[in-house]
Amino acid sequence: MAQKKFVVGCFDEEKVLFPAVKQVRTAGYKIKDVYTPFAVHGLDHALGLRETSLHTAGFIYGITGTTTAISAISWIFTKDWPLNIGGKPHFALPAWVPIIFELTVLFAAVGMVMTFCYLCQLAPGVKKHHFHKRATDDLFVMVIECTDKTNTDDLKALLVSNGAVETDVQVAEEGWWFGTYDKEDNLYNEKQIA
Amino acid sequence: MASIKEQFEIPGTLKTWSYALIGIGGAALLYGMFTKGFSSDEHEQVHFWGTLMYNTIFWTLVTNAAMFFLCFSTMAMAAWMQSFRRIAEAISTLVPIFGGITLMVLLYVVLSHNHHIYHWLDAEAVAKDPILKGKVGFLNPTFFVIWTTLTIALWSYFGYRMRQISLEADVAPMDAATAHKYNVRSMVRSGFFLVWFGLTVASTVPWLWLMSIDAHWYSTMYSWYTFASSFVAGMALIALWLIYMKNKGYMELSTSEHLHDVGKFMFAFSIFWTYLWFSQYMLIWYANIPEETIYFKNRVQGSYKPIFFLNLFINFLCPLIILMKRSAKRNFTLMAFMAVLILFGHWIDFYQMVMGSLMKEHVSLGWLDFGILTFFVGVMILMVARSLASKPLIAKYHPFLKESILHQV
């Protein structure tokens, strides 16, 4: 799998991060991602990410569930094994509505969770490189992809001038891999020693 | 804040239109009252008073829903609605007016012993009827009059108290301690309204005013169903006024983000209404007990069939399909269209709830219904506009206003 060079800039405040994202983008660098401890409103717009199509997928899964339920129940109760239940007609739509609804929700929910995991590349055993441990705690970590022409010193200077508290150059695996983290350093223990 | 238009000036066209609507509607109302309401023919009487009843109850509950919206938002410490809270407040000022009309109509019906509308008013029939005898502790004129008067008086009073505390946010900036105190006081006041709302709209009042028309029949879903119907229509009315004010260049602080959330309420509560509609229908359909199915007999199989299914089409399928997309809820034109459609749909819903029981044989939807509707729409437009013009459009020192301005969906 491919190793790539990244420049990492860490920010400790949201209001410093936003102008920095804008500056880095206008300077022409490609931001791989910004890792934040919590969901930051408007950051997706600032990064220029496109609208997610997860909800469209959800709609399609839902419709699939509805269709499955209607066709299965109507086939079972009218063709395959018609039963007389309380003298109701075999094609008893009101009685089916709860099941149709449940299957719609089930298909949509399960399908969307699976799609979400696929899009975010999340699965048991899947590992990804962590650019900074504190990204899950209190630091906003901006990761910029380098090309052959990127001057890392210029980029680091740009980040610092925009308020980065910490900058770093890392050569790291850009995708995911199965297995374990080779050099697992425990942030909690480090802090205790210090 | 300097560039914000804080004062609403009522446009001339709005005045002309509302006076015209009140004129036409009032003429229809008066004509109907003297030719039908006071006629000696019982069918004509039932036709007129029933029509007036469902219109006035519908508009009272819809305007009251605006205050309910404000109160539960305050209770949940929601900030996003602060930028247009004066619209909801202005709509809720109609509660005393429409409530007063409702009170007069209901008192007239009960005190004139119109047992063609409320069968339980007929003392002789009740004495011979074991089912009605069992309900006499609840369905009797004394309780009806006292509870109805109390209901409308307390809705108006608690609503008035909520509007008063909102005006305090116009006076001066608040420091943290004052703001905290102010929030707690607002929450206490909204709590009073919410408790009373739960005891009335969410339970007793729909039983008394509407369900007791079919005195033998009952449904445990009925009050929730009525509440859902009036609440979704109330949100549609708020959306409609918000769009109107934006169109006229006011309400600069409210954006498509706010409209989006109002749209979510319209969408979600349309689904909620359908859930209750279906739960009520399916349980009765499944059990198939004659004293319960009687309610749906003329609605599903009889003359009300087209209206019954039109109701489901407008209030469920249209919001489901049209309002599902995010872009639809942020589109002012589409939202205005859907708001009008939902208001009309739930008006039709109230029509079939009341007239479907009073005039089982034939659908009477005609000049009288639309005439009285016109009257209420005219009064609503005029009074909401006046109330909006009477105070600033923004509660500018409200502690949550900034959060509302920054609101993003």
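Computed from the coordinates by the stated procedures, all read-outs in this text should not be read as laboratory data. This one's a predicted model, so the numbers in the text were calculated from it and none came from an experiment. A quick note on method: Cβ atoms are made from the backbone with ideal geometry, for glycine too, and the neighbour counts reach across all protein chains shown.
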Over the protein assembly as shown: helical MRE at 222 nm, DSSP H runs n ≥ 4 each giving -39500 (n - 2.57), nearest 500: -20500 deg cm²/dmol
Highest average packing first - B:222-230, B:37-45, Cβ atoms within 10 Å: B:222-230, B:37-45
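From the square roots a ≥ b ≥ c of the eigenvalues of the alpha-carbon gyration tensor of segment B:25-131, which class results: rounded (a/c under 1.5), prolate (a/b over b/c), or oblate? Before the final figure, lay out each step's value.
Working: a/c = 4.31, a/b = 1.87, b/c = 2.31.
It is oblate, given that a/c is not under 1.5 and a/b is not larger than b/c.
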Contact order normalised by residue count of chain B, Cα under 8 Å, 6+ apart, percent: 35 percent
Chain B: most fluctuating residue of B:HIS346, B:HIS260, B:HIS362 per GNM, C-alpha cutoff 10 Å: B:HIS362
Max mean-square fluctuation residue, GNM over chain A, Cα-Cα springs under 10 Å, options A:TYR118, A:TYR29, A:TYR61: A:TYR118
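Using the Cα gyration tensor of segment B:12-402, with a ≥ b ≥ c the square roots of its eigenvalues, what is the shape: rounded (a/c below 1.5), prolate (a/b larger than b/c) or oblate (neither)?
prolate
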Residue among B:THR60, B:THR200, B:THR178 with the largest mean-square fluctuation in a Gaussian network model of chain B, springs linking Cα atoms under 10 Å: B:THR178
Reachable lysines, given that their alpha-carbon falls under 20 Å from the alpha-carbon of B:LYS305 and they are not under 8 places away in the same chain: B:LYS297, B:LYS360
Label-point gap, in nm, between A:VAL113 and A:GLU14 - each point 7 angstrom along Cα→Cβ: 2.9 nm
Under 5 Å, built H, 5+ apart or other chain: amide partners of A:GLU166: A:CYS10
A:GLU173 long-range amide H proximity, modeled H, under 5 Å: A:LYS4
Positive-end extreme of charge dipole, segment B:1-82 - chosen from B:THR74, B:THR63, B:GLY32 (charges on Cβ): B:THR74
Global geometry of segment A:54-120, whether rounded, prolate or oblate, following the gyration tensor of its Cα atoms and the 1.5 cut on a/c: prolate
Restraint check, B:LYS181/B:LYS396; A:LYS30/A:LYS156; B:LYS181/B:LYS329, Cα-Cα greater than 25 Å: B:LYS181/B:LYS329
Contact order normalised by residue count of segment A:54-120, Cα under 8 Å, 6+ apart, percent: 56 percent
